[in-house]
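Report on the structure given below.
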Amino acid sequence: MERILMILILLMSLTGVCPRRTTETYIKAGEMVALYCPHDRGSSHGDAKVIWTSYITQEMDLTDMSSAEQRQMGVLVYGRSLVILSASVNHRGNYSCSLGNASSQFWFRLIVCTTQSGEYEKRTQYPQICYTQEACELNCPEVNVPARNTPNITTNGITWHKDGESLPTKGNFSSVEVNDHGEYTCTRSYLYYSQLYNMTFTVLLKVEPQEKSGQSMILSPRKSGVLNVDLGATVVIDCEAVLYSVFDEVFWLDGKSEVETNNSFPVFYNYTRENNAGVRKMTASLVFKSVSEEDLSKSYTCSLESVSVNSNVTITLAQKPRPSYVSLALSIVGVVVVMVLTVVIYVRFKINITLFLRDTLSCHSSISDGKSYDAFLMCYKSDTDAGLNEDDRKCLESVLEERFGYSLCLYDRDVLPGKAAAEAVLDCIEQSRTVVLVPTSSDPGPGSGLLSAIHAALVERQTRLVVIRTETTEASRSGSLPEALQLLGEAADCVTWKGMSSMSHSSSFWKQLRYQLPAPQQDSKMKLLP
């Protein structure tokens, strides 16, 4: 191989081709590597085609190979790049690139390492320096990596490892410390025709103390402020600094005078020094044996005196705020008042609220129960001559059906002739969601004699029952009403008809009656249409 190389160099010198210094590239077996042909500043062939040549066993023009032949060899030629997908011993050797027929030619020697060697580690390690207690981001080298626009090659991200374990922070440290130094391995992954190829680099992280050109001295706590404490409590405030000189010192001040270091005083401070891997730290701890009212009126300053910079942090003690039971009591009282008002308003205006929600917002159940009618108006002749007259009864039926949209079952209209009265009434009850008992001065319905017969049926079916009364009935109902009607009235919701004052659609009678009745089921009403 060396003879072939010498002959090539001799031939190039004879033909006027100017040889360049050979670039050596070390790569671990099995990993990807990309060789890049640099621009020749002295050449005028900037747009000329780049020709890659391999001299592994014999001279071979890689540029003129087809894509299939390149993939068979495990290489990819694109522009100025020669990418070797997975380096092996068959790829080690010499390569060259040139711009067309230009006289300039660049040489590369690829060294594929199958075992770790001192030379390989030396060539593939990249140092990086970060400073203590500062953010640090490890940089994975971009050396011999494929060009970003190389066809069919896409990056698959970077992973970091240290001592064989992956790093969850992806190489980022919010505050690097001395013990973070060491070797870190980053792996760049690339996809080529669904095949994964890797490139591995070693980053040597060295953590050094902060540079004196910046904020070289750090106090902890870093900011002045107020510290809330309890009277009589024991409080310890630590102030820490990184030192760069034996003359640096951290201490506490009470106003302008230094706090005592004698622990027999109620307020004193002590300090410790430590040296860890060349980083010197000093911690001054201010101790309050028992916080007093006098301590709350003073400010304490942690001071760092250094040959390069001085820093101060001032702390003021304040008593922790006591919980306010007055605000809690007011809140409870406010909640109780709101709840009571809500209940009172609802009880006072529950009918109006319910009808508003039902009519305006349609807040009612729309589930069909299989009933054909919203209500069965069962009229009976009142024995006290205090019932609704014929006009009032027709007004009641008309308003419920035409004004409020209820589907009513009327005995004189919806019961087929010839059917037994008791059976017809029970059928109407079965098909209706509510039964409304209407006292009348005449007898248009089955009569009051059926009240005793249907009482048991209403109780058994748990049918919702509404009884309409008149003012005369209210005055004479004690002992003068039939026993069956009295029993039904005790289990029913009662609404009082007050003659002319109940005619208005916005009267109290209609509101109470609609409140006791379920919301009209429009589907049921449509069933009655021919």
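Read-outs throughout are calculated quantities, based only on the coordinates presented, and are distinct from any laboratory measurement. Fair warning: this is a prediction, and the values are worked out from it, not measured in the lab. FYI the Cβ positions are ideal-geometry reconstructions off the backbone, even for glycines, and counts take in every protein chain you see.
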inquiry  = Quick check on packing: order 260-266, 59-65, 376-382 by the mean number of other C-beta atoms within 10 Å, highest mean leading.
reply    = 376-382, 59-65, 260-266
key: Which listed pairs, of 170/281; 350/381; 281/320; 28/49; 350/394; 350/498, have C-alpha distances above 26 Å, in listed order   = 170/281; 350/381; 281/320; 28/49; 350/394
task = Starting with the fewest neighbours, write out 27, 51, 111 ranked by other beta-carbon atoms found within 10 Å of each beta-carbon.
result = 111, 51, 27
Calculated from backbone phi, Karplus (6.51, -1.76, 1.60) coupling profile of region 249-256 in Hz, x at Gly/Pro = 8, 10, 8, 10, 10, 10, x, 9
message = If I take R0 = 22 Å and measure r between the Cβ atoms of residue 68 and residue 90 in this structure, what FRET efficiency does the formula 1/(1 + (r/R0)^6) give, to the nearest 0.05?
response = 0.80
task = Among 183, 397, rank each residue by its count of other Cβ atoms within 10 Å, from fewest to most, as a rough exposure measure.
result = 183, 397
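Just rank 91, 161, fewest to most, by other beta-carbon atoms within 10 angstrom.
161, 91
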task = Answer rounded, prolate or oblate for region 225-319, using the Cα gyration tensor with square roots of eigenvalues a ≥ b ≥ c: rounded when a/c is under 1.5, else prolate when a/b is larger than b/c, else oblate.
result = prolate
inquiry  = Using DSSP to call loops (not H, G, I, E or B), can you name the trypsin sites (Lys or Arg not before Pro) in region 98-162 whose Cβ has at most 10 other Cβ atoms within 10 angstrom?
reply    = 148
request  = Could you order peptides 283-289, 409-415, 436-442 by the average number of other Cβ atoms within 10 Å of their residues, highest first?
outcome  = 436-442, 283-289, 409-415
key: Rough spin-label spacing in nm, given labels placed 7 Å along Cα→Cβ, for residue 471 and residue 503   = 1.5
